[in-house]
Structures are given as structure tokens and as C-alpha cells.
Amino acid sequence: MPLNAYYSAEIPAFINAAPESILGTLSANSAFSVETGQRDAWVEQIEVLRGALRGLRGWVLLEFIVPRIGSRIDVVLLIGPLVFVVEFKVGEKHIKRDDLNQVWDYALDLKNFHKGSHHSPIIPILVATNYTNSDSELGLRYQDNVFPPIKSNSTELGRIIRKALDGLGGVAIDVSAWISAPYLPTPTIIEAAQALYSQHSVEAIARHDAGARNLKITSQRIDSLVEFAQQKRRKVIIFVTGVPGAGKTLVGLNVATKKRDPDQPTHAVFLSGNGPLVAVLREALTRDEVIRLRSRSDKTRKGEVSQKVKAFIQNVHHFRDDGLRSDGPPADHVVIFDEAQRAWNQEMTSSFMRRKKGRATFDQSEPEFLISYLDRHDDWAVVICLVGGGQEINRGEAGISAWFEAIRSNYQSWDVFVSPDITDSEYAAGHALESLAGRINVFKDEGLHLAVSMRSFRAENVSTFVKAVLDCEGERAREILAKMSSRYPIALTRDLDVAKKWVREHARGSERFGLVASSGALRLKPHAIDVRVDIDPIHWFLNNADDTRSSYYMEDAATEFQVQGLELDWVCMTWDADLRYDKSGWLYHSFVGTRWTSIKKEERKQYLRNAYRVLLTRARQGMVIFVPTGDDGDATRLSDYYNSTFTYLADIGIPVIP
């Protein structure tokens with residue numbers, strides 16, 4: 001039996017086996033005790049399959065494990081050149097959209113992440129056993145060889161399978177190779193957090209290619225440095241860098257989940273100043289854990305689960321406030337700061353402390369105070385800074401240089417381990433790191449850089465493409481786009497309805513899509529996009545397609561502040577006149593009162609460009625960019641404000657859809 005299924009056998013052997021024997025194998029390989037309802041469902045599935053598959057040759061796999069989403073496919077059939085993904089709803093008379101999406105998601109998961117399924121036609125079938133109708137024809141297959149789900153009842157399953165086999169030719173699947181083929185998942189950050197929290201390893205939920213090896217190396221290196229600090233009673237600060245979507249947050253969550261036992265000295269806490277990310281991850285983990293507990297008849301209340309999750313993922317500002325209330329060290333010896341480059345500078349922190357905390361003499365930057373809080377430990381401590389390039393998007397964000405300045409000025413005894421890429425211009429740390437030159441306890445470590453984007457499993461160089469676009473390197477952007485466009489579609493349009501339609505047509509199953517816009521895009525209101533409407537990121541990212549507050553409705557646009565650190569499968573990205581292309585480069589504007597004004601400060605220009613960098617790197621599978629035509633009858637939306645940007649993007653080679 002393959003390790004990824006509870007039961008597998010050739011179809012004739014399956015038909016001839018005693019049902020009790022099959023049931024026994026399923027029960028023996030189940031990770032949980034088998035309840036009566038599950039046992040009865042298996043019995044009926046076995047009976048239906050034995051009738052439907054009689055006379056066919058191939059393989060049947062029952063309870064095929066899907067690592068990325070922590071669930072199991074009821075049945076996978078390998079017959080001739082085809083892969084059938086079958087999901088049973090025993091006793092159901094009606095077809096539910098959520099159930100259709102479920103079996104479609106399974107088929108897409110195999111196509112995208114199971115190497116043995118990349119080139120085979122995949123046919124998802126939903127069997128509602130008491131459904132009165134069945135589909136008579138296969139739908140039109142998509143470009144990637146995945147068919148839309150077929151609806152069936154228990155008596156029509158065999159006919160559907162045979163009809164598909166009669167109509168589709170091809171080379172028969174090498175079953176042995178298929179079964180042994182690697183599963184190379186790329187989870188969303190929400191899926192990753194859920195899997196890690198339920199005790200999966202980072203290697204189990206990430207691709208086993210260059211990106212996953214990089215993740216594993218970095219995770220192991222951090223583990224070894226934590227062990228070094230504890231054993232040698234040292235204080236250590238670690239800087240991990242990575243391109244957008246490379247898995248920095250995933251690495252941090254992996255460290256935190258492995259060390260989340262509060263009774264252990266290496267107990268770790270994951271901190272982020274990104275409020276929406278913290279809120280979404282907390283709620284996602286809480287919902288997932290409640291479902292898991294209830295499946296085991298555990299009646300733990302959601303509030304109790306939520307409290308445990310809150311102790312694991314915290315807002316960095318709340319952690320900071322704990323340090324203000326007490327002179328003692330934190331309970332944690334290991335602290336992970338996500339997006340450390342977004343910590344506040346001295347001016348911002350001091351102003352906040354005076355206004356909100358009544359501390360008139362406070363004169364530290366946030367990095368300096370946070371290090372001082374951990375430095376209160378008498379024995380050892382580890383600070384892990386996860387650093388993203390070009391991610392500072394708000395006033396008062398210090399960049400990584402503030403951390404180096406704090407170390408240079410006050411914490412020279414701390415051992416510093418840095419990614420060699422920390423000096424890249426994207427991280428704005430070059431000169432600050434030079435200030436530590438000559439110190440014997442500063443070490444560059446190649447294992448601390450994540451170079452491969454994990455967000456887009458279809459095209460790893462999306463972040464490189466976006467960087468080229470924003471750096472006005474048109475020829476380089478054109479070259480990158482030509483290499484990735486077949487796997488990661490990008491489209492350009494001047495019609496918002498066309499853009500929304502494009503996204504809906506590309507998304508399948510429960511793939512999540514949504515509308516995004518810059519927080520400075522104040523003149524998209526004529527297109528019914530008002531970025532001043534404060535969306536709830538929990539509803540927007542987690543709720544289902546029947547909820548008007550969810551991203552699926554594409555009524556409310558999320559800004560860079562709500563989406564940073566999170567992701568969608570498909571993005572409808574809207575481009576306003578705050579960032580305009582000109583042959584001399586980008587022009588930066590903010591809308592004040594009744595007109596656009598030029599942005600003069602370099603710092604604010606960088607924030608705006610980074611906002612577009614965040615928005616353009618949110619999609620895992622593809623995006624459409626909407627650039628308005630403008631209206632020369634409206635002085636705030638002149639066509640000249642938009643035309644040059646549209647022309648620049650089109651000239652790069654982004655296909656224009658009418």
C-alpha cells in the first residue's frame with residue numbers, strides 16, 4: 001500500500017476481496033478511531049464501487065491523503081490514461097455547491113502539486129448516492145487537462161467512468177510511477193499555519209524542490225542557533241531575508257509551532273505588527289482547531305481555543321506594552337518578529353509613547369526597546385527577525401537599519417547572524433551593517449536567505465517581474481513575462497467589468513479571488529471602489545462565496561495594509577493615478593482635498609511604490625490589472641493620468657483584453 005492512501009489495490013483484487021477485509025484495512029490505517037457513521041459510509045462506498053468497476057482494469061485508492069490541506073480524497077481511480085477523483089456524499093439527495101467545489105479542489109490539488117498527475121486528464125466526480133439525476137456528458141476540459149466536476153448518483157457512476165474512457169485516449173498511466181511520484185504542495189499562509197499548528201512539519205506541507213529545500217535549510221539553521229544560544233548561554237539575534245512569497249512567515253511559524261510548549265525553556269512566540277495578518281491567522285487557526293476537536297467529539301468552546309491561539313500569535317505592540325508594564329524579562333526566550341523591517345523608528349515610537357502611554361521621556365526606537373526587553377534575561381535569549389525586501393508601506397517604519405543601529409549602540413555583546421543578502425538595496429541595510437564591521441561576533445550565513453518565491457507555484461519569478469516593472473526595467477520585465485506567462489497568466493484591461501469576469505472565469509472550485517487597490521487610490525470611486533471603506537480582513541479572507549463581505553464578491557477592495565503577508569489565488573488589481581508612469585520614470589501623487597498633489601519626500605515615494613509591490617505580488621495563480629481610461633470632463637481623472645501607465649504595461653507584453 002502506498003503511504004499516501006489507507007487502502008490500495010488493483011481493481012479485480014478489490015472486487016474479489018471481502019468487504020470486511022477492505023474495511024479492516026481502512027480502519028487499521030486510520031489516524032483516528034473509526035466512528036459508526038464513517039464505517040457505514042465506507043461500507044456503502046465499497047458496495048457502489050464494486051458494482052461500478054466490475055470488468056475494468058486499473059487501480060483503486062481509498063482515503064488518498066492530501067497533505068497540503070490536511071484532508072483525504074474518498075477515492076482515486078487510475079484507469080487507462082485517466083485519473084478519476086471521486087467524492088461520496090452517502091445518503092444525499094441533493095448536489096451542493098460546496099461539495100462540487102470540494103471534489104474540484106481535490107482534482108486541482110492533484111494537478112498542481114502531485115508530480116504523477118501533471119500530464120494526465122483528471123475527472124472529478126461527485127457521487128450523491130440518492131441523487132435522482134446524473135450528468136450525461138463530460139464538460140469541456142480546461143487547458144490544464146482538468147474537467148469540471150461531474151454529478152452522479154450511486155447507480156450511474158459506472159456508466160460515467162466508461163463514457164470517459166471511451167471518449168478519451170492516451171498512454172496508460174504507469175501506476176507504480178504514479179504512486180511513488182512526489183507530492184509537492186505549496187500552501188497558502190493560512191493553510192500552512194493550520195497544518196503547522198496541527199503538528200505537521202514544514203517539509204510535509206511545502207514543495208520538495210529548491211524552494212522547500214531552502215525552507216528546510218533555513219528552519220534547521222535557526223533551530224541550531226537556538227540550541228547554541230541555550231547551551232552556551234548566549235544572546236543571539238538572527239536576520240532572515242527573502243523575496244516576496246519566499247516563506248519567511250512560514251519559517252517563523254514553523255519555529256514557533258515546534259517550540260510552542262509554554263513549559264519548555266525554548267518556548268517561542270510569533271509576533272507581527274501586521275494587524276490584519278494576526279487577526280486572520282488567529283481566526284483561521286481557531287476555526288480549524290474547533291472543527292478538528294469537534295470531529296473527535298471534543299466540546300471545547302471556541303473561546304478557549306482562541307485564547308490558546310492568541311498566546312501563540314501576538315501583536316508585537318501588545319508584546320511591547322507588556323515590557324512597559326514590568327521591569328522583568330518576558331516569559332519567552334525565543335521571539336520571532338515577522339516583517340521586522342516595519343518596526344517603528346525612534347520618532348514614531350517616542351511620539352506614540354508620549355501621546356498614548358504618558359511616557360514623556362521615552363527616546364528609543366521600537367527595535368531598540370524590543371531588544372532591551374529580551375536582554376533582561378540573565379542567561380540566554382534569541383531574537384529572530386524576518387525581513388522582507390521593499391515591504392515598508394507606512395509612515396514611521398524604520399527599515400532594518402534601526403535594528404543594526406540598536407545593536408551597534410547598546411547591545412554589542414549579542415551574537416549577530418545575518419543573511420548575506422541583507423546588504424541588497426531591497427533591504428536598505430547596507431550602510432547600517434557596515435557599522436558592525438570588524439566585530440568578531442557578526443556572522444554572515446547563506447542558510448538565512450530564502451531566494452525562491454513559494455507564493456506562486458505557477459511562476460516563481462513573479463516577484464522578480466514586479467521588481468523589474470517598478471524599477472522601470474521594461475526590457476527585463478518583458479523577458480521575464482515571456483517565460484512565465486504560460487503558467488502564470490496576467491491580463492490588462494480598461495474595463496473593470498471585463499477584469500472581474502476574467503477573474504471569475506479563471507477561478508475554479510473554492511480558489512479565492514478578490515479586488516485590491518492602493519490605499520491612495522481615492523479616484524476609483526466612479527468605478528464603485530472606495531478604499532476608505534474599512535473592510536474586515538477576517539470576513540474578506542476567510543468567509544465563503546455566499547457572504548457579501550468576502551473577497552469573492554469583489555465589491556470591497558482590500559488595500560496593501562489589509563493584504564500584506566496574505567494572498568489570493570487570483571487578483572483583480574486596480575491602478576489609480578497615485579502612481580503614474582512617465583518616460584522619465586514613476587510620478588508619485590496623493591489626493592488631497594479636491595486635487596492630486598505631487599509627493600516630494602523620497603520616503604513617501606518609496607512607501608507608495610512598495611504599496612504597489614505588495615498588491616502586484618498577492619496572486620498565487622494569476623492576475624488582471626485594471627487601468628481606467630479616465631475622464632477628461634473630470635479634472636481629477638484626466639485620461640493623461642492613466643494612459644501612459646497603461647501603455648507602459650502593454651508595451652511590456654501584458655496581453656490586453658477588450
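The values are calculated or read from the model by the stated rules, or taken from the named source; none is laboratory data. Predicted model, so just to flag it, every value in this text is computed and none were measured. FYI the Cβ positions are ideal-geometry reconstructions off the backbone, even for glycines, and counts take in every protein chain you see. Accessible surface is based on the protein model in full, side chains and every heavy atom, while ligands, DNA and RNA are left aside. Shrake-Rupley method; radii C 1.70, N 1.55, O 1.52, S 1.80 Å.
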* To do: Evaluate region 303-313: report whether one residue or more is more than 24 Å from the chain's Cα centre (by Cα), under 21 Å from THR286 (Cβ atoms) and open to solvent by less than 80 Å² (accessible area, probe 1.4 Å).
  => yes
* Selected residue (criterion: least open to solvent (accessible area, probe 1.4 Å)) from residues of region 347-360 that are in contact with a helix residue (DSSP H, G or I) (Cβ under 9 Å, 6 or more places away or on another chain) and in a loop (DSSP other than H, G, I, E, B) -> ALA360
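Got a sec? Which helices (runs of 4 or more DSSP H) wholly within region 1-58 have at least 1 residues that are aliphatic (A, V, I, L, M), in contact with a strand residue (DSSP E or B) (Cβ under 6 Å, 6 or more places away or on another chain) and open to solvent by less than 20 Å² (accessible area, probe 1.4 Å)? It would help to see each step written out before you state the result.
Numbers: elements: 11-16, 19-29, 36-52.
Result: 11-16, 19-29.
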* Structure fact -> With the first residue restricted to region 77-99 and required to be at positive phi and in a loop (DSSP other than H, G, I, E, B), and the second required to be open to solvent by 40 Å² or more (accessible area, probe 1.4 Å) and polar (S, T, N, Q), Cβ contacts under 7 Å at 6 or more apart or on different chains are GLY91/ASN130
* Structure fact -> Of the residues in region 610-639, those that are surrounded by fewer than 19 Cβ atoms within 10 Å (Cβ to Cβ) and either modelled with pLDDT under 95 or of a type in the set (Gly, Ala, Ser) (or both) come to GLY633, ALA635, SER639
* Only one of these is touching a helix residue (DSSP H, G or I) at 6+ places or on another chain (Cβ under 7 Å) and not basic (Lys, Arg): ASP174, ASP144. Name it. => ASP144
* Could you run through region 325-346 and say how many residues are under 30 Å from LYS232 (Cβ atoms) and either open to solvent by less than 40 Å² (accessible area, probe 1.4 Å) or of a type in the set (D, E, K, R) (or both)? => 14
* To do: Check whether at least one residue in region 541-549 is in a loop (DSSP other than H, G, I, E, B), open to solvent by 20 Å² or more (accessible area, probe 1.4 Å), without any contact (Cβ under 8 Å) to a residue 24 or more places away in the chain and acidic (Asp, Glu), and report yes or no.
  => yes
* Those residues that are at pLDDT 95 or above and either touching an Asp or Glu at 6+ places or on another chain (Cβ under 8 Å) or among the basic types (Lys, Arg) (or both), I need them from region 572-599; list them, please. => ARG580, TYR588, HIS589, SER590, PHE591, ARG595, TRP596
* **Residue count, region 584-600 (criterion: open to solvent by 30 Å² or more (accessible area, probe 1.4 Å), touching a residue at least 40 places away in the same chain (Cβ under 8 Å) and under 35 Å from the mean Cα position of the chain (by Cα))** => 1
